1. Per residue and in cubic angstrom, what volume does the convex hull of the Cα atoms of the protein assembly as shown have?
2. Given +1 on the Cβ of Lys and Arg, -1 on the Cβ of Asp and Glu, and no further charges, what dipole in debye does the protein assembly as shown carry about its Cα centre, rounded to the nearest 20?
3. Along the charge dipole of region B:84-299, pointing to its positive end and built from +1/-1 on Cβ of Lys, Arg, Asp and Glu, which listed residue (B:V215, B:A246, B:L290) has its Cα farthest out?
4. Averaged across the residues of B:250-256, what count of C-beta atoms belonging to other chains lies within 10 Å of each residue's C-beta?
5. Under the 0.36 nm per residue contour assumption, what length would be gained going from the current alpha-carbon distance of A:A440 and A:Q121 to full extension?
6. Report the Cα-based extents of region B:129-273 along its three principal axes, largest first, to the nearest Å.
7. Pulled fully out, how much extra length does the chain show between A:D611 and A:A282, if you take 0.36 nm times their separation in residues and subtract their Cα-Cα distance?
8. Find the centroid of the Cα atoms in region A:45-66 and in region B:208-250, then give the distance between the two in whole Å.
Amino acid sequence: MQFLYQGLAWGFLLAFVPVLIHLINMMRHRRVRWAAMEFLLQSYKKHRKWVWLKQLLLLLARMAAIAILVAMLAQWITRGQWLDFLGGKVTHHYVLLDDSASMSERYGAVSAFEIAGQFLQRLATSASEQPVPQRFTVVRFSQALAGNPTGGGLADMHAEQVDSEFPQRMERLRHSFEVSHAAVGPEPALATLTKLLEEAPDEDRIVYVVSDYRRWQWRQTSRIKAALRKLEDAGVQVRLVQCVGRQRPNLALVDVIPSSETRAAEVPLFLDIKVRNTGTTAASNVAVKIRSIFYDAQATAGVEPDPHVEDLPLLLIDRIDPGATVTRRVQVYFPAAGRHVVEVELPEDALPADNRRWCVIDFPETEPVLVIDGDPDGQNAQFLSALFQPGVHARTGIRSDVKPVSFLRDTTAEQLAEYYTIFLCDLPRIDSVAVEHLEAYVRSGGGVVFFAGPQWAIAAHNAALFRNGEGLFPLLLERDDELPVDELTPAPDVQMVEESHPVFRELTQGANPLIHSLHVQRYLRASATWPTAPNRDKVRVIAKLRNGQPLVVEQAFGNGRVMAFLTTFAPYWNDLALNATVVVALRMEAYLGAGQRPTDRHVVGEPLRVDVDASEFDRQFRWFLPLEDDESYLPLTRNAGTPGSPGRLVGQLEPTEVLRPGVYEVWLKRKRGEIVARRFAVNVDPAESQLAVITRRQMDIALQPLETKFARADAFAGAAVATAGFNRSLFLMLLLVSLLLGEQWLAYSASYHPPKGGSS
Amino acid sequence: MPDSKRFLHPEAVKRISRMELRARHIVEGFLSGMHRSPYFGQSVEFLQHREYVPGDDLRHVDWKVWARQDRLYVKQFEEDTNLRCTFLVDVSKSMEYGNGPLNKYEYGCTIAGSLAYLVLRQQDAVACWAFDEQVRARVPHRSKRNHLLTVVESLNVATPADKTDLSGVLKEAAETLPRRGMVVVISDFLSDLEGTIRGLKILRQRGHDVMVFHVLDDDELDFPFSGPMRFEGLELPQHLNCNPRALREGYLEALQAFLDELKRQCARNVVDYALLRTSQPLDAALATYLSNRLGMHHRN
């Protein structure tokens, strides 16, 4: 049992006063020596039971009257529904509090989230002053991300009774809230609310959706409107409370993307940094800070990650027009292998949440490539190896692994998966097992490039690799053919069809593109029937020969890519390997190996998951969550589970645990003791940077024909709480009056009233 | 209240401690307040003339004297002294109850003394028995004026018994009193009603005129108590803790039934019954007595 003024609840002890008075009266009765005892005893015998019953009822009525009076004064609040059954209802305030990243937008000294908190405080204070019993439920948008089927578990405050100390409790609660930085709209919270509302269908329910109401969130309002309509149909009052005013200037780091190039230790890597101006005025001289965060072997030696942070030169962007996105490329370098981090930061502005961004890049020692060469002299492999490993002073980051053709048959899918790209040169006949391995490799995201040659088994490959358009090889070949020299027509032997293709981009630029210096004497001619092959639409011709025959084609296969050069790599049929155009092989490795370089892109509010081999790692995972000071971490040790597959260990951070942007880290301990660190860059969703707010007029149009009220937070003052509802105090007062009338009747009936004309 | 009756009120009577003085005070006050000639009985023996005062019975005006002197005189006669009046006065414990100036015992004794004075003044013989469960004092019939003191002294019983045996006393009176006369019973009658009625009946059968003065206190008749109380029986050993207001209705019903039955039985047996409250002026008893005496003569 709870009371608004809990201290007055001690007054219930006064209910025993009538009993006490009764006992005292029994002790201090007046003695009378009486003559007519006989008549008195007759009366007593006749009325004894009735008198007893009346006295008992009278005593109970007096006790109940005092108890009700105390309950009225102490403002009794109950969880039970019995008073509701009598016609009374509790007013239940459900506050859905937006704590998404955009709520961190600052207005001078306070943020939108703090304005929301102030509204919440005003609401709580006002509710505590109401005579009607009140309850409060508070659900942050980010908590609704967890999707717990029991709504109460998601609520920060669930059906809490409002009493005189409630404003203090609310103040403590709201001070414990932080902006989550998650990109979450009202829909999950409304879905959670539906579950909560089902728990208390008989209350007067008011839902406050306290948010910033960005325009982008309300472009597609059908689902939100459906949820609001459902609430209104259920008799729930809905009030949309907006905590922000006009749109303010803001720059947002939209993305930090590593370029599709070879990533390896000691090999510089370009990063593309995208900055968007989400304000309404142009921004100039924007200084972008870039830091490389390097983790060496000692980074996992201590109790928490210990990286080396290095500031890179400032990136200055002259001007960013309103609504424009500017991309700038910067180069980073890490001297050793590992999962390193690049942090980018914009100057302070209205929305701090989108001013920083992190990117975790996995730099291996080298990127291994597999080279299979059917040339008896191994010329193709030699030239490729020389290109990838030019010497100790020049490092490409690529390590070629030359294997015989039989390797494809004897290998496994796991072994092939270690290679970033597979170069298949002048491939003679291969058996079906090798084809299966190759297809599985590409389907899972690998890249394969074919170079033709004299050993190319056209018929066998047409059957096994092309397989009527369903196979790995993109073309149906007919025969090898010579490209005759045409002295009369000064056209280059190779003509680019897709000049902007990443592999050939550098070779096609300029007035005298390098690609024109490539000479081809011989090639494999595509079949005349190939243009009608089933896979024709999936195959892109990147470059063709002077005679119109395709020279370089590309086909997407599963998650990977396949490129086919219909001539040799070694200088048998062309001068590719002797020419500057040989760099296309490097570009090819970078392009086709992209599938092997996944860039983890995580946004706040999404779970982080680690899936490792159970035979290799211990079950205990140590997580490190970034804290606000950027220098320390929140350690979290958890046992990984084996959901579905007993051979795997899966550890996960729930969405509600990933509510702060930064670098999250998990330490996995191998069975032999070595610690392996995995890092995740968790960034704010760029959508949260769009600060344009919906106006009242726009909202009115969007909400039609709903009766939902929309207003600014300062417009919803205490009046918001003054709602219809059953006044329990009034009910108690009526009960008390009825009880007192009953008590008077009982007292009169039990002859406790003085007789007319006074008493002796 | 008329000035003359003011001195007959129990509060006034209470101030006179001696019973014989109290009786004289009451009777003289009563008679002077009647504004009529003293009632001197039904004798025909002439005693004296007295000047007429308004209120005198015109039958007693001596018209011959008026014719001679043109003044109105009334004739006074010497009364007969053959009335033998016996007072049976209850002096039991229950008579000690009283919340007013006089308790039932005092009130009853005062009535007995006053009536005795009145009877002696009429030169009739008076006897008096004071009783509780038995006759405690017995004064034989005498008609001398100084007999009043003996009668009054007999009523002063130091240690009354807890019980009242009215039926036994009445029976004894019926057996003991040799000649027919008047028996005046003064009691609260809080004893066996059936026995009491039986005793009265026997007295009537023996030819006595019986007059009953039922003396009760206001508290007993109205039961005005409130608040928690403990009633302890004066004659019964029981006690009762109760809220008297709750029992009042039942009590009054039982009392009224008792009174009705007593009255009914008295009427049936031609016994004059008068219920007296201790708060009533004491002349009521005398008026009742005289009224009944007249009635008796008419009956006889």
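Every number in this text was worked out from the coordinates using simple rules, so none of it is lab data. Small disclaimer: the values here were computed from a predicted structure and weren't measured. For neighbour counting, all protein chains shown are included, and Cβ atoms are generated from backbone atoms with ideal geometry for every residue, glycine included.
1. Taking the convex hull of the Cα positions in the protein assembly as shown, it is 311 Å³ per residue.
2. On the way: 120 positive and 128 negative charges, 1446 e Å.
Roughly 6940 debye, rounded to the nearest 20.
3. Checked the options; the winner is B:L290.
4. On the way: counts 11, 10, 2, 4, 8, 6, 1.
Average neighbour count from other chains, rounded to a whole number: 6.
5. Gain on extension, A:A440 to A:Q121, equals 108.9 nm.
6. 52, 36, 25
7. Details: separation 329, 0.36 × 329 = 118.44 nm, distance 4.51 nm.
The A:D611-A:A282 span can extend by a further 113.9 nm.
8. Cα centroid of region A:45-66 versus Cα centroid of region B:208-250: 24 Å apart.
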